[in-house]
Amino acid sequence: MAGDHVVIIGNGPAANEAAMTLRERAPEFRVTIVGREHVRQYKPHLLPALVAGKITEEDLFVRSIAFYQHAGIKLRLGQEVVDVDFDTRRIILAHKEVLRFDGLIIATGGKPRIPEPLLVFQDVMMTLKTLTDARSWIDKLARVDCVLIVGGDLTSVAFAKTLVSLGKTVKFMVDEHGFWPLHLGDETRQEVARRLASGGMELVPCRKLRGLARLSADEIRVETDCGRYTVGAVGAFFGLVPDVRFLVRSGLYIEKGVIVDENLMTRYDGVYAAGDCAQVYHPTLRDYWVSIGYRNAENLGRIAALNLIGGKVRAETAPESIFHVDGVDIPTSWWAEI
Amino acid sequence: MGRVDVTMEVCGMAGDGTIAAGGLLNEAMSAGGFSVLGFDSYPAEIRGFGRCVTRSRVGTERILALVDKTNVLISLDDVQSHSRVPYLAWDAAVFFDSNPPVYVEEEMSLAARVEPGATLFAFPMADLAAAAAGTMRGRNLTALGGFAAAFSVPRDLFIEVIAKKFKAKGSRVLDANIKSFDAGYAYGLEHFSDRLRDTLKPPPGIKTGPEKVMLSGNLAIGRGALDAGLKLYFGYPITPATPIMEYLAARLPEKGGRVVQMEDEISSVGAVLGGFYAGARSMTATSGPGFALMTELITHGVMAEIPAVILNAQRGGPSTGLPTKTEQSDLHAAVFGGPGDSPRIVIAPTDVEECYRHTVMSFQLAEKYQTPVIVLTDFYLDNRVENLPMPQATESEIADANEYPDESVRGAYKRYLMTDSGISPRSIPGTEGFTFSATGLEHVEKGTPNYTEDNHMSMTEKRHRKIAGALEDLPAPVEYSRGGPLDVGVIGWGSTFGAILEAVNIANERGLNVGALKITSIFPFHGGVIRAFMNRCSEVLIPELNYEGQLANLIDHLHHKDVVRLSRATGVPISPSLILKEIETLALAGA
Amino acid sequence: MKTSARDLARKVQGIGEAKTFEVRSSELPTWCPGCGYFGIHHGMNDCIRKLGIPLHKVVTVSGIGCAGRYPFFTKTYGLHTVHGRAVPVATGVKLANPELTVYAVGGDGDGLAIGGGHLPHVCRRDVDINYVLFDNSIYGLTKGQPSPSSPQGMKSKASPMGTTDKPLNPTLLALSYGASFVARLFAGDKKMISDVLLEGTKHRGFALFHIYSTCVTFDKSYKTWENLKKWIHPLPETHDPTDLRQAFDRVLEDDWSVGVIFKREQPE
């Protein structure tokens, strides 16, 4: 009803598309986006270019702040949700504020995945998911020359190329879990490896990381099955997992991500999930699939919004976008290039 | 050196240590070499309730005025801080406690109100303070610590000023305060690293010249009076002049002087006249309503030719008006107030340094011209703080300026001797051979009452001639421009001048051709200089914080066309942007 | 009884010959012949002479009224200020130079009406000035209006039906305000004025001299010379001026006793 408050947790493509859909179709609702990061929505796939110095931070942003003000979308940046109480329809923010909602869309996206055996080295490794991460890389790269990239997801490929373009020495270690949630066949993987090698990177021949130790601010000792060496930084690129830890005790069904039906609705009325954080039920497959990629996220965001206001749109897995990495076709839409 | 210009506020409830935090902030920024201008607002009525807001503007270039938008808000009480949100710049930084004692509903939340462009720095101020020092009382310092980390202010600057401020309270208090600050600082370094701003790291080479101190207008006035050899202060409490009396009450006795709180403003100014008559530098300070009461005795001083120094710290009027708001609406009263043709000297400082200087100057002017001298300040100027080298007065600035009668007239002394300058040599009671009676009746040279036509004419003329002659000792108007013809000339007085000068500087940077004229001698005024300036301007703009355009009324006859008035009766200082807008409108219209 | 101009001139000549010009200036007082103020004037001049203080170290501060002209008639320094403000101005003079001997003079209108707000404070402040209050219960200079010390029922152009307000008692007020020296005198007794004024001037602290006087021109019925001479009498011999309670009793029981009513011993 008029004046109802719809809160969207997250500030990526799914969240923003949902917000704009709501604004368009339900002007009587109050719409609030709550984003953890202190900046407005930006294009994450451009982060490597930022690190390369090819673009500025301003080039990353999708739209101006004024847009939200004109559209009447309340944008709350730098604020984190720590809990949701579905019985009383309350969201608790980190600074002990209570937001009451009538409708909720969870669109928190994914966070860098660190495989379990490597969790112990988490503090020594750097990821590249956010603008803050990018800034840390820019700062680090001013001081180091040699970087180890572990994992091998799509981002890592783009990033490794960035590093090479900056004149850095890049050691690349392809981990078998690197392309989660997809599993690459051996063949594809070998092809990728060969291409990487030809791109100026040193491929580390083994697949297991044994140990990482920080020797100083800009020195890390790496131990692998096939040798040990010192690098300036280690980048972890093992793909993303849904960023939903804060919801595990809320009552929602959570497996890897938030479990939703084919209309993106959770077990609670008026509560939806969209984008990389959601696991969507596929009635035909009778299984759950996770969306990946920018375009898919936007699409799901839109669908969640439509359904929240009364629609019954089915979420489809987006047609696979085929992406090329150095001439190799990879059936994934991770880090979609526009 | 990159230009720094940051406006910061600390906002809290009375009792949160808001004012103390604002004070430390000012001192730290000053210690870092920045120019600082601060102005606090207190709860208007009852103590213990109400909002306190400290406002400081800090920069690499001399800060002349306060601006409309705030860049940093440090909130010690989020509900009170709601009122500050409309004044935030679109990209302001907001510091607030992330762990309030109870959950906060959306409507009451500060974070919910700020615009998305703002950067939030939420951290558990109270908890950090309690953990570090065993009490939450230092959370205002914890807040400053977090702020310092976020804005790259060197820790030492704050530690230095905290140590100075709390030295007298003993090592335990000092220690607790430093710990509270450090808790916030450490937290900030760790958690704000993703959104640090290095704006307030003092640029190298910023600290030049002599050591600076933070001084308010009132303190500068008090200090000026002390340095000028004030002997007697008579006063009656009134906002915003009371701090002057209190400052002097503590310090005048050790200089052999005395502060007497009189029963009203009438007796205050009466005692000042009595004191000066008997040879002691005497002074009173008041505000509009008190000044009104003094009028009769002021004109007595004019007629009897007795020196007096009267400071009118203007506030919103008329009548009781707006006691804690600023205004410049007593010019008419100061220049013309009172019966008869009663010319007197009126001067008005424009900043804290001039508050000192004009106070010092007023004693010599009073003595030399044997007249009440009225110094006009206003609430904003009296209460704001600036950092500046501690002002000093030279020997010649404080020397006795009284003209004594010559030995040759002993036994035949005429107190009101007709002279070219209009100044009749004055003897001081206790001096043998030169006794006289001063009177408020019209009188002949000897001083005896006389109402004849020619005498009244010539004595009135003498008194006017005398005051007109003061022009040579009064500060001339100061021009700020490139010289030559100007599109717009902005003339101002009092605390408004700072905003005028800032607006003029910006206008010139934007390619306009604009000048400013500062007038500090309100009466007599330098008509020739003012007219010459006006003649070079296509348009003359006079912004002032009063409705009737009181300075404009005084000088607009000097211009051959109408001056443009920017008259504001809002109770708050005029902002540079408002004046700039007017300047640009005029400049473009004329183009 | 009006004195003729010839008589007046003779009187002045006599004064000149009597060398009473020492303290008096050469200015002729503007008071009506027969005015009670002449007596006060004589008494004060005598006191100042006896004090032995050089005239240039004496300051007389006056307000507005017939008494206001007083400074012109002495050779001391003078300050003729505005209506009702002699007392605070005199305060300033004394604090500026404590070596000066300061007299504040004024009438009953000046001191009790417009200046009434200053009396409590000069008493409680105990400023070392000497306040001579010329009380003729009328506004003489403005031609005959009732004053705060006029009796109830007094008829005048300003009160054709007679005044309705009760009169103030300045001596009682001064005692209530804590003055440290209170004396009541009569303009007809120049000697007592001179003696008491001397004692009060020497007293370290505020001294009030409430002096009954006449207004021969405008008051033909109340404070005439005849009436005053009949009513006024000295304080009883037994009166102890250092006893405040006795002082109050004297003043409450009797409006017309004269002498030193109260004197508080002051520390060094």
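Amide H of residue B:286 versus every other amide H placed in the peptide plane: which residues, excluding those fewer than 5 positions away on the same chain, fall under 5 Å?
HN-HN under 5 Å from residue B:286: B:311, B:312, B:313.
What's the percent breakdown of Cα-Cα distances in chain A across 10 Å bins, shortest bin first?
Distribution as computed: 5, 25, 32, 23, 12, 2, 0 percent.
I'm a student and want to see the number: the projected area of the Cα convex hull of the protein assembly as shown, averaged over all directions, in nm².
61.5
Count neighbours as other Cβ atoms within 10 Å of each site's Cβ, and list the GluC sites (Glu not before Pro) in region B:179-271 that are DSSP loop with at most 13 such neighbours.
Of the GluC sites (Glu not before Pro), the ones in loops of region B:179-271 whose Cβ has at most 13 other Cβ atoms within 10 Å are B:211.
What does the charge dipole of region B:1-140 about its Cα centre add up to, to the nearest 20 debye, if the Cβ of each Lys and Arg holds +1 and the Cβ of each Asp and Glu holds -1?
Using only the charged Cβ atoms, the result is roughly 440 debye.
Counting only residues 5 or more places away or on other chains, whose amide H sits under 5 Å from the amide H of residue A:109 once H atoms are built in the peptide plane?
So residue A:109 has HN proximity to A:243, A:276, A:277.
What is the set of long-range amide H partners of residue A:8 at a cut-off below 5 Å, with H atoms built 1.01 Å from backbone N?
A:32, A:33, A:34, A:105
What does chain B give for Rg and for Dmax, in Å, if only its C-alpha atoms count?
26.4, 87
Given charges of +1 on the Cβ of Lys and Arg and -1 on the Cβ of Asp and Glu, with all other atoms neutral, how large is the dipole of region B:322-364 about its Cα centre, in debye to the nearest 20?
100
Report, in deg cm²/dmol and to the nearest 500, the calculated mean residue ellipticity at 222 nm for the protein assembly as shown, where each DSSP H run with n ≥ 4 adds -39500 (n - 2.57) and the sum is divided by the residue count.
-9500 deg cm²/dmol
Would you mind giving the average projected area, over all directions, of the Cα convex hull of region B:5-208 in nm² with one decimal?
With every direction weighted equally, the projected area is 11.6 nm².
Through the Karplus equation 6.51 cos²θ - 1.76 cosθ + 1.60, θ set to phi - 60°, convert the phi angles of region B:328-336 into ³J(HN,Hα) values in whole Hz; use x for Gly and Pro.
Computed from phi, the couplings for region B:328-336 are 10, 10, 9, 4, 4, 4, 5, 7, 10 Hz.
Identify which of C:106, C:178, C:43 has the largest mean-square fluctuation in a Gaussian network model of chain C, with springs joining Cα atoms closer than 10 Å.
C:178
Can you tell me, using C-alpha contacts under 8 Å and at least 6 residues apart, the relative contact order of chain B as a whole percent?
That works out to 11 percent.
Just going by the charge dipole of region B:478-590, with Lys and Arg at +1 and Asp and Glu at -1 on Cβ, which of B:580, B:564, B:513 is farthest out on the positive end?
B:513
Taking Cα atoms of chain C, Rg/Rh with Kirkwood Rh, to two decimals?
With Rg and the Kirkwood Rh in hand, the quotient comes to 0.94.
Tell me, what ³J(HN,Hα) does each residue in region B:105-115 have, in order and in whole Hz, if you take phi through Karplus 6.51 cos²θ - 1.76 cosθ + 1.60 with θ = phi - 60° and put x for Gly and Pro?
With the stated coefficients, region B:105-115 comes to 5, 3, 4, 8, 7, 6, 4, 6, 8, 6, 6 Hz.
Which one, A:119, A:196, A:50, has the greatest fluctuation when you compute a Gaussian network model over chain A with C-alpha springs under 10 angstrom?
Judging by the Gaussian network model, the answer is A:119.
Could you work out, residue by residue across A:71-81, how many beta carbons of other chains sit within 10 Å of that residue's beta carbon, and then give the average as an integer?
4
Per the Cauchy relation, a quarter of the hull surface: what is the mean projected area of the convex hull of the alpha carbons in region B:214-398, in nm²? Mind dumping the intermediate values first?
On the way: hull surface 36.7 nm².
Value for region B:214-398: 9.2 nm².
Residue by residue through B:85-97, how many Cβ atoms from other chains fall within 10 Å of the Cβ on average? Kindly include the intermediate steps, with their values, before the conclusion.
On the way: counts 0, 0, 0, 0, 0, 3, 1, 0, 0, 1, 0, 1, 2.
Per residue, the number of nearby Cβ atoms from other chains is 1 on average.
Which ³J(HN,Hα) values in Hz, rounded to whole numbers, follow from the phi angles of region B:278-283 under the Karplus curve 6.51 cos²θ - 1.76 cosθ + 1.60, where θ = phi - 60° and Gly and Pro get x?
8, x, 10, 5, 10, 8
Compare the Cα positions of C:153, B:310, A:251 along the charge dipole of the protein assembly as shown (+1 at Cβ of Lys, Arg; -1 at Cβ of Asp, Glu; about the Cα centre) and return the one farthest towards the positive end.
Positive-most Cα among the choices belongs to C:153.
Checking the table A:161/A:208; B:255/C:202; A:111/A:168; B:212/B:368; B:414/C:263; C:190/C:263 against a 30 Å threshold on Cα-Cα, which pairs fail?
Where the Cα-Cα span goes over 30 Å, the pairs concerned are B:212/B:368; B:414/C:263.
What is the magnitude of the charge dipole of the protein assembly as shown about its Cα centre, with +1 placed on the Cβ of each Lys and Arg, -1 on the Cβ of each Asp and Glu, and no other charges, expressed in debye to the nearest 20?
Here the protein assembly as shown has a charge dipole of around 2120 debye.
Please report the antiparallel percentage of the DSSP beta bridges confined to region B:478-590, to the nearest 5.
Antiparallel bridges make up about 20 percent of those DSSP assigns within region B:478-590.
So which cysteines in chain A don't have a second cysteine's C-beta under 4.7 Å from them?
A:146, A:277, each lacking another Cys Cβ under 4.7 Å.
With the contact rule set at Cα under 8 Å and sequence spacing of 6 or more, what percent relative contact order holds for region B:478-590?
Taking the mean separation of contacting Cα pairs over the length of region B:478-590, I get 33 percent.
Once you've got the GNM for chain A with C-alpha springs shorter than 10 Å, pick whichever of A:156, A:216, A:250 has the biggest mean-square fluctuation.
For chain A, modelled as a Gaussian network with Cα springs under 10 Å, the answer is A:216.
Each value in this text was obtained by applying a stated rule to the coordinates, not by laboratory testing. Since the structure is predicted, the reported quantities are computational estimates derived from the model, not experimental observations. Cβ: placed from backbone, ideal geometry, glycine included. Neighbour counts: every protein chain shown.
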